1. When we measure straight from the Cα of Lys661, which lysines land under 28 angstrom away, once same-chain ones fewer than 8 places off are left out?
2. With the cut-off at 24 Å, report for the stretch 155-262 the share of all Cα pairs above it, as a whole percent.
3. Can you sort Arg490, Arg1137 from fewest to most other Cβ atoms within 10 Å of each residue's own Cβ?
4. Roughly speaking, what is the stretch gain from Arg508 to Val24, that is 0.36 nm per residue apart minus the C-alpha to C-alpha distance, in nm to one decimal?
5. Which of rounded, prolate or oblate describes the stretch 935-988 when judged by the alpha-carbon gyration tensor and an a/c cut-off of 1.5?
6. Could you tell me how far the Cα centroid of the stretch 964-1021 sits from the Cα centroid of the stretch 751-825, in Å?
7. List the pair-distance distribution P(r) of the stretch 928-1047, using every Cα-Cα distance, as the percent of pairs falling in each 5 Å bin from 0 up to the bin containing the longest distance, rounded to whole percents.
8. Summing Lys, Arg as +1 and Asp, Glu as -1, what charge do residues with Cβ under 11 Å from the Cβ of Gln638 carry, Gln638 excluded?
Amino acid sequence: MNIQMTAGEALQAFCRAWFVERDVEAAMAFIREDVDFVGTGIGESARGRDEMLSYLRQDMLEIPEPFTLLLTEINEQVIAEHVRNLSAEVTLKNSVYTWHVRGFFTMVMEGEGWKLQSFHFAEPAGSQRGTEHYPKTLVMENTIRQRQELLNESLPGGMMGGYIEENFPFYFVNRRMLNYLGYADEAEFVADIEGCVSNCMHPEDRDMVERAVMEQLAEDVEYVVEYRMKKKDGSYIWVHDMGRRVMAEDGRPAIISVCMDITAQKRAQAEVLNLYNNIPGAVFRCRFDADFSVIDANDGLFEFLGFSREEFAAMGNRMSAVIYPEDFDIMADKLREQLKTGNTIHNENRLICRDGSVKWISIKAQLFTEEDGEQYFYCVFVDITDEKQLQQRVLNLYEKELSYFAEVFSAEGSIQGSLNVTQGRLETYVSTSEMAVAHIGDSYEDTILSLERSAMDPEMGKRIGSTLEREKVLADYANGKTDYHFEFLRRSNTGSSFWESTKLRSFRNPESGDVLLFFYTIDITEQKLQEQLLKRIAKLDYDSITEVDVLQGTHRPVSIDGGGRNILPAEGGFQEELHRFADAYMNEPAKTEYLNQLDFSNMERQLKEKDSYTFLVEMKDEKGELRIKRFEVFYISQELKRICIARTDVTDVVRQEQRQKEELAAALVAAEQANAAKSDFLSRMSHEIRTPMNAIIGMSTIAAQSIGDDEQVEDCISKIGISSRFLLSLINDILDMSRIESGKMLLKNEKIPTEEFLVGINSICYGQAEAKGVEYECIVDPVLDDYYIGDAMKLQQVLINILNNAIKFTGEGGKVTFSASQRRKTKNDAMLRFIVNDTGVGMGDDFIPHIFEPFSQESTGTTSLYGGTGLGLAISKNIVDMMDGKITVRSIKGIGTEFIVDVKLGITEEEKLRHNQKKHDFIFSHLKTLVVDDDVAVCESAVMTLHEMGISAEWVDSGRKAVEQVNTLWSQNRYYDMILIDWKMPDMDGIETARRIRSIVGPEVTIIIMTAYDWISIEHEAKLAGVNLLMSKPMFKSSLVSAFTKALGEKEEQEEKTQVIDYDFTGKRVLLAEDNQINTEVAVMLLESKGFTVDTAENGLRAMEMFSKSPEGYYNVILMDIRMPLMDGLTAATNIRHLSNADAAAIPIIAMTANAFDDDIEKSKAAGMNAHLAKPIEPERMFQTLYDFIFGKEDY
């Protein structure tokens, strides 16, 4: 939007976007968030951007064709600096429509341009089109025009129209209408009616027509009316006029109607009405409303009632006014019920005549819905008063017979009665007030519903209701079924319950023909209780059963086993006899338990919560021996408060269960101990893994802080790599504990770089010790070779495990010392000794023999305090044994512990020949060196190393002594060439010592700070104190040579590095099958970095498909993960080997898996794989393997 655009130009741009370009987004660019729009029609408006957007989209959907736009007479009024009011004449035109409106717009400067705040359109008076949105109006008018043309030719009857004004001035007439009325042409018709359509109507109908049309048009756009229309010859015809309001071409409202000649129908209606009045009985039509208002009726209705038409009209033409009050609601209910199954009804009811007499009628009616939506009954009834009087006399006679029926069954039953199924009512009923469920005269449905609801079991009630459903009973009788029988628990009117047996039988009344249903009911409570009790106790192995009536407080014996003793005597109150029996046969506390469990309140409370409960009590038998009795208490009938108490002898069973429980308890203790050991191992193992993780996290943090210092970052990354590899080896060794126990653990024979090996250990342990506040020292024998042959990973695991324990069990302020020395050396091997000393908690003499047992720690308190798996030393001991070595332990509780590890390592060929080592050209024999460290062992080791290099060296064990020694020599005009100072010393630390020495000797002496910790944080302070170099501990001969050489300003000796093969696989293609997205991404990056083209497959099935479709030699190698969805790697490899591809049998397939066990490797080879790479993948190992298989230098 151009900020240079004026308000008028912005308005024109908006209108072009809307009407010409039909571009919603472009138009909305000119709309403010709170825009207010009003169109030309009622309800045509929008408020806010969302509503405006919906309006524009609908507008363009209705008329997608663009308009030509003409904006004229744009007037602009300045309201404020950033507010303008504009008005314009807008003309729109396309191939179908023309639209002319006036627009009024308020625009506000917002941001970079003018936007619409509010606008509305108005139509000139001559072209206003009502309430519709302009496209709909135009479309509607076009549609109406086409419909008019079609109707002119096809509709029966004629068409005519008039303006909606007084007397309906003439607007339109078609040829067919003129033919109906007998006119030659339109002009003749217009002249005859004097230009007004009303003049062609019968004078008596004109007011009615005008009123009907205007009332209907006030509510809708259409109307219907019937009236008489004059023909040219002066005669009249009846017409059915259906019309619709339209907008004439000149903008005036008009109506167009279709007029059909219904003269013949009107004559037929008159004839029907004449016949209607001559039908015997009453015939009438009434509305389906609350009063059944009569619309029209024959003379028979009024003759029957004795009212004249005028008198009945004065009563409101209401049938409700003459229906007998007691029948009205019944009739209304029956009417609604019958209408559910159809539109025809039949009923019998009473009417009150004008003279006060009451007459019975039989009425039939049919319900119709008229075109106006009203529902009407067309009714016919006849007088049945005489028939009803006869029925009453028969009924009186029949009731006498029913009295005889009641007497017949009075001796057997307590409730009797009969239902008239045909008439749907209860005719006779004999019952006590306590048990009655109905009254004479009740409807059949209400009677059966009351019987259904009296059942305490809802499901039983539903069965009674569905079985005795009225229509079903009638159908059963027609099919020969007459008898019904129900036994159920029933609720009386007083709230008590009883079991009843109800039998029913249906008969047909010989006089009336009605179907009657006779019934009688008897109380079977006692019989039913006995049945239920017998069913329940039949399942019990009992020696005595007693029934208790809680309400009465009584009891009675039901069954006694021949070998048992009854619970209670047969007579007496239940609670009283209970106490006597307990006193005779029970001891405490069994007596108290027995009386409490069988107390009435306790029994009711427990049985309210559950169906039954049991308890055990010891009681004496006939011989006086104690037996264990099991009592089961349950309801026979909860409603009747009848309880059963069954007693069973369970002495043998209980004693057997006790023995089993003791055995299970012992087994449970053993299982819990095994489970505890397992759980303890798992929880502690997770802690063990954190040791190298701490080093990785720490070195990562240091590396991140040392960006820019390449040397420091490289050192951190190197240590991270060492710790990562150790972490992997730790995980593998824990998983390989089974191998150790089975003797299948294998050791590698590879070159061990001594300095890198010890630095890797220290990088892990220094950080761990510093974090705990423990001093850590490493002392290295200067005679150690640069390389040895052995398993570096396994040996490193042993030493780190021991050091980890030493640091873990040493408190803050304590010290851990780690030393490495060569005890003896032969031509082919050397015995190395590693000693770990700590000042920790120590161990007792009784625990040391068990220290190398799996999962062992001196106490559980130690475990919770220091953590650990308890597995590390067991693994370490086995590894050392396999290296032909040994571990010895010495410890004093509260003083500390010493571990001595002796291992045998091989001598390298380089060490044997020494032909690859460069000779040092530097001679340090003229140098005099001072070593300063508070640890005497470190001082002695350093001095020995310096002597090995031919350097004269002395040592002191504190910074203060060092300053004094230097000052003494300086006063004699002598000095040390090199001074090696430990950073962390008590009393005076290395920085302060260096500062004081520098102040004495000036720049002539080289001062080197030694530290086992990260020296980045002290480098700046050390330089300010006059320190020349910083170096890491422990001190190796090679690091000292490098430091001294750098200090002397000569070229630093370049450390010989192992040649790394620069792999190049350009032009080679690998198929990588891996389901893990991250692993795939890493592998692709590594492979592509060496020139590979990589195709990936997310599962074994996809890999097999890709290879099967490739030409021979397309892939050079396949890298296959073992565990993948759909098809695993083993299956995929097997299938590839059996494909028909020419290279299917020869292509190298290399497994990649985290399964590190030997049998997993064997499975991959059995599946046709050539090699096996363990995850996580080591890049160099992977590249070497790929190189060997692709270029065939050597077998893997």
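Coordinate-derived values only; no laboratory data. Fair warning: this is a prediction, and the values are worked out from it, not measured in the lab. A quick note on method: Cβ atoms are made from the backbone with ideal geometry, for glycine too, and the neighbour counts reach across all protein chains shown.
1. Partners found: Lys539, Lys591, Lys610, Lys620, Lys629, Lys678.
2. Every Cα pair in the stretch 155-262 considered, those over 24 Å come to 14 percent.
3. Arg1137, Arg490
4. Full-extension gain reported as 166.0 nm.
5. oblate
6. A separation of 27 Å, based on Cα centres.
7. 2, 12, 25, 27, 22, 11, 2, 0
8. 0
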